[in-house]
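The values are calculated or read from the model by the stated rules, or taken from the named source; none is laboratory data. The structure displayed is predicted, hence computed values, not measured ones. Because the Cβ atoms are built from the backbone with ideal geometry, glycine has one as well, and the counts that use them run over all protein chains shown. Accessible surface is based on the protein model in full, side chains and every heavy atom, while ligands, DNA and RNA are left aside. Shrake-Rupley method; radii C 1.70, N 1.55, O 1.52, S 1.80 Å.
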Amino acid sequence: MIVAAGLVLAAMVFPVVGGAGAFAGQVVESAVGSTSDLESGVLPAASTVTDSAGNPIAYLFDQYRVPVKAAQISPAMKAAIVAIEDKRFYEHGGFDPLGAARALVNNSGGGATQGASTLTEQYVKNYDLYVAATTDAQRKAAVAPSYARKLKEAELAISLDHKVSKDDILADYLNVVYFGNGAYGIGAAARIYFGTTADQLTVPQAALLAGMVQSPSDYDPVLHPDAAKGRRDVVIGQLRDQGSITPDQANTALLSPLGVQASPVAPAEGCIGAGDAGFFCAYVLSYLEQSGITADQLETGGYTIKTTLDRGALDKLKAAVDGQVPPTQPHVADVISVIKPGTDGHQVIAMAANRTYGNKPGESSYGLPYIPENMGAGSVYKIFTAATALEQGRLGIDSVIDVPASGYTSPIYRGPSGTPIPVRNDGTYAPQLSLTQALAESPNTAFVKLEESTGIPPVVDMAERLGLTSLATTPATRTPGSPSIGDVAKSQRQASFTLGVSPTSSLELANVMATLASHGTWCPPSPLLSVTDRSGAPVSVTQPACKQVLDPGIADSLMNALSQDDGPGGTSAAAAGAMGWDRPVAAKTGTTQQYKSAAFVGATPQLAGASIVFDDSNSPRPICDGSPPFSCGSGNIYGGKVPARTFYRGVGDILAGQPPAPLPPPDPRYLQGGSS
């Protein structure tokens, strides 16, 4: 009977408070149908992306909320919100007839409008508004001056009070309510306003936040400090009058400054807030999406994603790319990715681009280091032809191969019409070189000639196996279901494949080198150490398994064959010397025909990496080497210039202080060939 009378009283009170519109009799559908979701107390929570040391680099959320349990909220905060919003909270049953009657008398007498809602009812309303509602119509309904809505809130509040403890209801309310400046819930508010946690909130801090819930904008402590202090002091007075604090404690609290942080605002949402780690962060999200964890899950699930990012390595790579190409240099992007190889996993420790990550003019949020760029990587692809020849047993790394003169007409190198196209070299070479020397000096004719014997499809397959997995995909610019890049290269017998004309990413090239450095074991280039849910329990992430894709003897021998690039006659010797490189490295340079891109790949036993310089504009042009490189008419950029200098500086700085590690010795079976 008391409940029924209370509901009737609520019906009387609400029209007075809500005005004539509340008599309209309209039925407003709440997005909250029952107490089941309310009982759970599970609210949308921000996910955190961290580096390998556990330091946050980005937050993912629709509403910045950091839910906390009742035991993680300071007694001062609980007392403050009860004192100012619902002092009979621990006495009523979710709906307070006495509070409603008091509001009726006050409001009908012409005084200031006084609310009749309990904290439990407010929890229902705020849950409806901030969590359950998914459309604008539902959000409007959650706060509409509707008699039906008010009765529904009271009904749910009474039911909830019978099922959930008062302490948990209070925590649920504090977790869902909005505190302004992007802070949803008390955990976020404590961080944003005071740089602390909810369990550490003091009396004056708690009083300020409790006072703000009535109107976060009117009582914003930065925009309206006097109003915020006045409201805070009212809460402190209520705490004193209700015996929650002593008069001396109240006086001390009243004399305290507001003490909020200079710029209390929620962190930037997503990878935009990650700074130089933005490109890596974006790759993490792409990787998680491919594994089945959606953006919506990340924005509401409260996950902690601990990544493989080494912040120190990132700083060194960023300095390396910016040192070669300033972030604002038009038409010239410089990117690098670095992977820690291993037979049980390839960890992406950092990736960087000279571009500033973001959406402002002059910035880029495109995945420059990990999404294939269209200009290609040039002669780096000769690695795949060499690996195929070794695997077929046609030769070894010491075998001598023919180097036809520039202008060589190959029976497999043809234009779109089928007409043979002469293969040209960029320089003059001996008529014969060992495979090791050929990889270091990089004559085009030698590898097209070698492709005549290996066949083109096996070379494409080798590239996919070693790490160019994008070759197995169809570009977004083509009709879904169209053949993949690799399938086209194989079906059309594109002999130019060995010259690196296919779209390529620095991350995939780095993973190719990680596969070789891992004795032929391919693993996905993983950016993840762990993913845990809001309770700290591990979350399973589907990732491809590592697999042996190349005989370890071939991988080790090829690493050895690539070891001359930084030595006399090698295409990156000048860059290595200029950057002070002094350790063994398996490396290869590449330059595309029109000088619109150039690449460098390298690997030590500790780290594998790849740098690509390319025109990232909508109208790519040739690039000229300079200080800095610039867009030009003819071009003279080479993989042994800016890309190699970027690698040798960035990776060299990361490895500084570590003793040089020798490359694996070649397998005797693959010195002269003849066996498979």
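Scanning the range 616-634 for residues being touching a residue at least 60 places away in the same chain (Cβ under 8 Å) and in a loop (DSSP other than H, G, I, E, B) gives a total of 6. Selection of first residues in the range 129-147 that are without any contact (Cβ under 8 Å) to a residue 24 or more places away in the chain and over 17 Å from GLY185 (Cβ atoms) and of second residues that are of a type outside the set (Phe, Trp, Tyr) and assigned to a helix (DSSP H, G or I), restricted to Cβ pairs under 9 Å at least 6 apart or on distinct chains, gives the following pairs, ordered by first then second residue: ARG139/ASP128; ARG139/LEU129; VAL143/LYS125; VAL143/ASP128; VAL143/LEU129; VAL143/ARG149.
Which residues, counting only those in the range 413-449, are within 17 Å of VAL501 (Cβ to Cβ) and among the charged types (D, E, K, R)? Matches in the range 413-449: ARG414, ARG424, ASP426. Of the helices (runs of 4 or more DSSP H) contained entirely in the range 243-344, those carrying at least 3 residues that are within 30 Å of VAL203 (Cβ to Cβ) fall at 247-255. Note on the range 467-517: residues that are in contact (Cβ under 8 Å) with a residue 12 or more places away in the chain and not in a helix (DSSP H, G or I) amount to 13. The set of residues in the range 144-163 being open to solvent by 20 Å² or more (accessible area, probe 1.4 Å) and closer than 27 Å to GLY302 by Cα consists of ASP161, LYS163. Within the option set GLY673, GLY650, being at pLDDT below 95 and open to solvent by less than 40 Å² (accessible area, probe 1.4 Å) holds for one residue only, GLY673. Restricting attention to the range 399-418, does a residue exist that is assigned to a loop (DSSP other than H, G, I, E, B), under 26 Å from PRO552 (Cβ atoms) and in contact with a Gly (Cβ under 6 Å, 6 or more places away or on another chain)? Checked the range 399-418: at least one residue is assigned to a loop (DSSP other than H, G, I, E, B), under 26 Å from PRO552 (Cβ atoms) and in contact with a Gly (Cβ under 6 Å, 6 or more places away or on another chain).
Between ASP233, ASP276, which is farther than 30 Å from MET351 by Cα and acidic (Asp, Glu)?
ASP233
Within the bounds of the range 374-393, is there any residue that is surrounded by fewer than 19 Cβ atoms within 10 Å (Cβ to Cβ), part of a loop (DSSP other than H, G, I, E, B), in contact (Cβ under 8 Å) with a residue 12 or more places away in the chain and aliphatic (A, V, I, L, M)? The answer is no, given that none of the residues of the range 374-393 is surrounded by fewer than 19 Cβ atoms within 10 Å (Cβ to Cβ), part of a loop (DSSP other than H, G, I, E, B), in contact (Cβ under 8 Å) with a residue 12 or more places away in the chain and aliphatic (A, V, I, L, M).
Mind checking which residues of the range 419-432 are β-branched (Val, Ile, Thr) and assigned to a strand (DSSP E or B)? Once the filter is applied, which keeps residues that are β-branched (Val, Ile, Thr) and assigned to a strand (DSSP E or B), the range 419-432 yields ILE421, VAL423. Any residue in the range 204-211 that is farther than 25 Å from VAL42 by Cβ, of a type in the set (A, V, I, L, M) and touching a residue at least 60 places away in the same chain (Cβ under 8 Å)? Yes, the conditions are met somewhere in the range 204-211. Identification of helices (runs of 4 or more DSSP H) wholly contained in the range 123-218 with 3 or more residues that are of a type outside the set (Val, Ile, Thr) and more than 22 Å from ASP96 (Cα to Cα) yields 136-143, 186-194, 203-212. Under the condition of being open to solvent by less than 80 Å² (accessible area, probe 1.4 Å) and more than 23 Å from ASP51 (Cβ to Cβ), the residues counted in the range 262-271 number 1. Can you find, within the range 471-485, the residue that is least open to solvent (accessible area, probe 1.4 Å) among those that are in contact with a helix residue (DSSP H, G or I) (Cβ under 8 Å, 6 or more places away or on another chain) and at pLDDT below 95? So the residue we want is SER484. For residues in the range 307-339 being within 21 Å of the chain's Cα centre (by Cα) and surrounded by fewer than 20 Cβ atoms within 10 Å (Cβ to Cβ), which is nearest to SER540 (Cα to Cα)? Among those residues, the one meeting the criterion is ARG311. Can you tell me how many residues within the range 352-373 are touching a Pro at 6+ places or on another chain (Cβ under 8 Å) and on the phi > 0 side of the Ramachandran plot? Count: 1. Scanning the range 65-94 for residues that are surrounded by 24 or more Cβ atoms within 10 Å (Cβ to Cβ) and not in a helix (DSSP H, G or I) gives ARG65, VAL66, PRO67, ILE73, GLY94. If you go through the range 630-647 and keep only what is surrounded by fewer than 24 Cβ atoms within 10 Å (Cβ to Cβ) and touching a helix residue (DSSP H, G or I) at 6+ places or on another chain (Cβ under 9 Å), you end up with nothing. Scanning the range 33-49 for residues that are open to solvent by less than 20 Å² (accessible area, probe 1.4 Å), over 11 Å from ALA274 (Cβ atoms) and within 25 Å of the chain's Cα centre (by Cα) gives LEU43, ALA45, ALA46, SER47.
State which residue is farthest from GLN593 (Cα to Cα) when the search covers only the range 408-460 and only residues that are among the small types (Gly, Ala, Ser) and either open to solvent by 60 Å² or more (accessible area, probe 1.4 Å) or in contact with a strand residue (DSSP E or B) (Cβ under 7 Å, 6 or more places away or on another chain) (or both).
The extreme case among them is SER434.
On the stretch given as the range 635-660, residues that are under 16 Å from LEU607 (Cα atoms), under 32 Å from the mean Cα position of the chain (by Cα) and in a loop (DSSP other than H, G, I, E, B) total 3. If you check ILE236 against the conditions, is it over 41 Å from the mean Cα position of the chain (by Cα), part of a loop (DSSP other than H, G, I, E, B) and not polar (S, T, N, Q)? When the stated conditions are applied, ILE236 does not pass them. Please work out if ASP344 is in contact with an Asp or Glu (Cβ under 9 Å, 6 or more places away or on another chain), in contact (Cβ under 8 Å) with a residue 12 or more places away in the chain and open to solvent by 40 Å² or more (accessible area, probe 1.4 Å). Spelling it out, it is not the case that ASP344 is in contact with an Asp or Glu (Cβ under 9 Å, 6 or more places away or on another chain), in contact (Cβ under 8 Å) with a residue 12 or more places away in the chain and open to solvent by 40 Å² or more (accessible area, probe 1.4 Å).
For the range 120-132, the criterion of a residue being under 25 Å from ALA80 (Cα atoms), open to solvent by 20 Å² or more (accessible area, probe 1.4 Å), touching an Asp or Glu at 6+ places or on another chain (Cβ under 8 Å) and not β-branched (Val, Ile, Thr) is satisfied by at least one position. Note on the range 593-605: residues that are at pLDDT below 95 and surrounded by 24 or more Cβ atoms within 10 Å (Cβ to Cβ) total 0.
If the condition is being of a type outside the set (Val, Ile, Thr) and more than 13 Å from LEU550 (Cβ to Cβ), then the range 456-472 contributes PRO457, LEU468, SER470, LEU471, ALA472.
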